[in-house]
Amino acid sequence: MKILVIVRQTPDTEAKIQANSSGNGIQTDDIKWILNPFDEFAVEEAVQIKEKTGAEVVVLTVGAERSVDAIRTSLAMGGDSGVHIKDDSFADMDSFALGKVIGSKIKSLGDIDLILAGKKWIDEESSQVPIQVAEELDIPQATLATKVEVDEGSKTVKVTSVIEGGEEIRELKLPAVVTVEQGINEPRYASLPGIMKAKKKPCEEVGVDGINSDEIGIAADALGSAGSRVKTDNIEIPTISRSLKVLEGNDVQQASAELAKLLREEAKII
Amino acid sequence: MSEIWVLVDKAQDTVRNVTYEVLSAASKLKEKNGATVCAVYVGDNSGAIEADLGKYGAEKFYKIENPALKDFNPSLYAAALSEVIKKHNPDIVLGGNTLQNQDFLPRVASRTAAGLCLDAIDVDMSSSSTLQVKRYKYSGKSIATISFHDVKPMIATVRLNAFKPTEGSASAEVVSESVDLPSDENYKVIETKIIPKERPELTEADKIVSGGRGMANGENFKVVYDLADSLGAGAGASRAAVDSGWVPYEMQVGQTGKVVSPNLYVAVGISGSVQHYAGMGSSKVIVAINKDPDAPIFQKCDYGICGDLFDVLPALTDEIKKLG
């Protein structure tokens, strides 16, 4: 059994986000990059399945040179090998183009049984890429999993998913795409020996010539932003303008009455 | 005549309010491109809802009904909608940013070679033919303006509460579409459990009260719940409270939890980290209750009380109840 985890490198959650000089991206100079926090749950889930079944875990990312660190972190947690799609032609792809490129690479890997991913990328606020990969591969998907049970015998996966107002249990034929909800497990910290070992694990670098663009029905020069359907025009940092009316809490009764009154009469919110 | 489609979201027999919000977004676009606003239902049985849809601006109502669409299945829903999209070539397809739409519209986008933007907070036309949306990136830390290339259809979901429903006077002409769907052996629903919730879902709540590190333990959250219940609010928490194991992760608000934008957000014993603010900074009114006068949250709130939350919360709950 072979599991592939799609991961993303994102700015640290504490990072201050500022627009760059062209206005349609962010300043990256002082940013600390991390493995997307939601992807940690997907990597952990894959490694737990590996521990139970002996599965092989492949970690795939698309991104600049630095993104290899997200793969290395995942390998230090227990992944076996990496695939890093990193040609400049792939910069600024939208989810449509990413779905095609990632889907095409997974097809060429051939024998993937289960594709796992985090529920959302915290940079793009995007949850759609794993689903678009599922569509490209014409395989089923279940999102927001709180439980994943693989049955190798019947080649199925039973997934408990969060739905509006409750949860739903679904059974998917493998291969399938599953995105996992935060809290499905407790992601392990990469140990020092794990980090040392990760440096020696294989990581395939894939350039534009490594993607079979005929198969996905688009010209090689239409991979990347030219094959995208949307583009970011502008990034704006919202300014905080709040009224900052802070009351002294020495007399709790009075302060509470005053706050309730402000919320009713001034903010008109209650 | 070009068309803007709005996906209908239904709960049992009634149309959910989010549908009317998205019809309102579609009407805004119609002013720019003159397109016909059409409601589109995908499911097993729409019921007689055309009058309601018409009242909120739908001029046409496509019903895509098939018994195979009884249980939600992302592949089949995508197949059904994509087939009808290919037949009628709408310019724009909009839906509420519901879990179901987030689940199957990405498949529709790939099937129809469409652009897709989820969770728009505003929509506009950058020209007569291209859709432009505003949406958050990096949680609440930035707002991106995103343009679609002129490739139809252009697909977007709209954040709940981002638009107010507007009543129109159109009547919706009903068009029934039949679709052939293969049986799907790859995806089976085993069980659907509706879990009754004591309080509103955070992502839909109009008001939220959240507790942070200052709560000190899980039992103390009772004062948060009491205030939330007096307001009819949802109950949330900061990452510090969740990581300490005091409350479940479903309650986490922040960049690595839920991103919310209620009308009222009450932060109790929460210092106001960048991480937390990224998840609730777009709330209309923010109230902070904290005993530390130097807590960053006091620089990011509309109202606040600097005092011990265990004194303030019961008193505030009483005052809210008095107002009725």
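The values are calculated or read from the model by the stated rules, or taken from the named source; none is laboratory data. These figures come from a predicted structure and were not determined experimentally. We place every Cβ from the backbone using ideal geometry, glycine too, and count neighbours over all the protein chains shown.
Overview of values
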| read-out | value |
| --- | --- |
| Test: residue in region B:78-85 that is in a strand (DSSP E or B) and either away from every other protein chain (no Cβ under 14 Å) or closer than 19 Å to B:Ala172 by Cα (or both) | no |
| Test: residue in region B:246-253 that is buried (at least 24 other Cβ atoms within 10 Å of the Cβ), closer than 20 Å to B:Lys197 by Cβ and of a type outside the set (S, T, N, Q) | yes |
| Filter result for the condition that a residue is crowded, with 16+ Cβ neighbours inside 10 Å and more than 9 Å from chain A (Cβ to nearest Cβ), over B:Leu181, B:Leu231 | B:Leu181 |
| Residue check, A:Ala64 farther than 22 Å from A:Ser95 by Cα and more than 14 Å from chain B (Cβ to nearest Cβ) | no |
| Hits in region A:26-46 (condition: surrounded by 15 or more Cβ atoms within 10 Å (Cβ to Cβ) and either over 19 Å from A:His84 (Cβ atoms) or among the aromatic types (Phe, Trp, Tyr) (or both)) | A:Ile26, A:Ile31, A:Trp33, A:Pro37, A:Phe38, A:Phe41, A:Glu44, A:Glu45 |
| All positions within region B:288-302 that are among the charged types (D, E, K, R), farther than 13 Å from B:Gly212 by Cβ and surrounded by fewer than 19 Cβ atoms within 10 Å (Cβ to Cβ) | B:Asp294 |
| Scope region B:118-131; condition within 22 Å of the chain's Cα centre (by Cα), under 14 Å from B:Ile92 (Cα atoms) and surrounded by fewer than 22 Cβ atoms within 10 Å (Cβ to Cβ); matching residues | B:Asp124, B:Met125 |
| Criterion (surrounded by 22 or more Cβ atoms within 10 Å (Cβ to Cβ), within 16 Å of the chain's Cα centre (by Cα) and within 27 Å of B:Tyr136 (Cα to Cα)) met by exactly one of A:Gly82, A:Gly118 | A:Gly118 |
| Failed criterion for A:Glu181 (all others in (1) crowded, with 19+ Cβ neighbours inside 10 Å; (2) touching a helix residue (DSSP H, G or I) at 6+ places or on another chain (Cβ under 7 Å) hold) | (2) |
| Residue list for region B:234-245, restricted to those being within 11 Å of another protein chain (Cβ to nearest Cβ) and either crowded, with 21+ Cβ neighbours inside 10 Å or in contact with a Phe, Trp or Tyr (Cβ under 8 Å, 6 or more places away or on another chain) (or both) | B:Arg239, B:Val242 |
| Filter result (without any contact (Cβ under 8 Å) to a residue 24 or more places away in the chain and either in a loop (DSSP other than H, G, I, E, B) or surrounded by 24 or more Cβ atoms within 10 Å (Cβ to Cβ) (or both)) within region B:1-44 | B:Gln12 |
| Out of A:Thr61, A:Thr53, sole residue that is touching a residue at least 40 places away in the same chain (Cβ under 8 Å), touching a Ser or Thr at 6+ places or on another chain (Cβ under 8 Å), of a type in the set (S, T, N, Q) and in the same structural domain as A:Gly79 (by TED's automatic domain parsing) | A:Thr61 |
| Which numbered condition B:Ala113 fails, given (1) surrounded by fewer than 17 Cβ atoms within 10 Å (Cβ to Cβ); (2) in contact (Cβ under 8 Å) with a residue 60 or more places away in the chain | (2) |
| Meets criteria (within 25 Å of the chain's Cα centre (by Cα) and within 18 Å of B:Tyr225 (Cα to Cα)) for B:Val312 | no |
| Condition check for B:Val285: buried (at least 24 other Cβ atoms within 10 Å of the Cβ) and assigned by TED's automatic domain parsing to the domain that holds B:Ser230 | no |
| Every residue from region A:229-265 that is more than 7 Å from chain B (Cβ to nearest Cβ) and either over 21 Å from B:Ile320 (Cα atoms) or of a type in the set (Gly, Ala, Ser) (or both) | A:Thr239, A:Ser241 |
| Some residue of region A:245-257 being buried (at least 17 other Cβ atoms within 10 Å of the Cβ) and assigned to a loop (DSSP other than H, G, I, E, B) | yes |
| Residue count, region B:308-324 (criterion: under 20 Å from B:Ala240 (Cα atoms), surrounded by fewer than 17 Cβ atoms within 10 Å (Cβ to Cβ) and in contact with a helix residue (DSSP H, G or I) (Cβ under 6 Å, 6 or more places away or on another chain)) | 0 |
| Number of positions in region A:122-154 that are away from every other protein chain (no Cβ under 11 Å) and among the aliphatic types (A, V, I, L, M) | 3 |
| Among the candidates B:Ile305, B:Ile270, residue that is in contact with a helix residue (DSSP H, G or I) (Cβ under 9 Å, 6 or more places away or on another chain), of a type in the set (Val, Ile, Thr), crowded, with 23+ Cβ neighbours inside 10 Å and farther than 28 Å from A:Glu40 by Cβ | B:Ile305 |
| Residue in region A:192-206 that is surrounded by 14 or more Cβ atoms within 10 Å (Cβ to Cβ) and within 15 Å of A:Ala117 (Cα to Cα) present | no |
| Subset tally (residues that are at the interface with chain A (Cβ under 7 Å from one of its Cβ atoms) and buried (at least 24 other Cβ atoms within 10 Å of the Cβ)) for region B:99-109 | 4 |
| Members of region A:1-24 found to be more than 9 Å from every other protein chain (Cβ to nearest Cβ), surrounded by 14 or more Cβ atoms within 10 Å (Cβ to Cβ) and more than 19 Å from the chain's Cα centre (by Cα), listed by number | A:Met1, A:Lys2 |
| Region B:207-237, residues that are charged (D, E, K, R) and over 19 Å from A:Leu259 (Cβ atoms) | B:Arg213, B:Glu219, B:Lys222 |
| Residue ranges of strands (runs of 3 or more DSSP E) in region A:110-193 with at least 2 members touching a residue at least 40 places away in the same chain (Cβ under 8 Å) and in the same structural domain as A:Ala76 (by TED's automatic domain parsing) | A:114-118, A:141-151, A:176-180 |
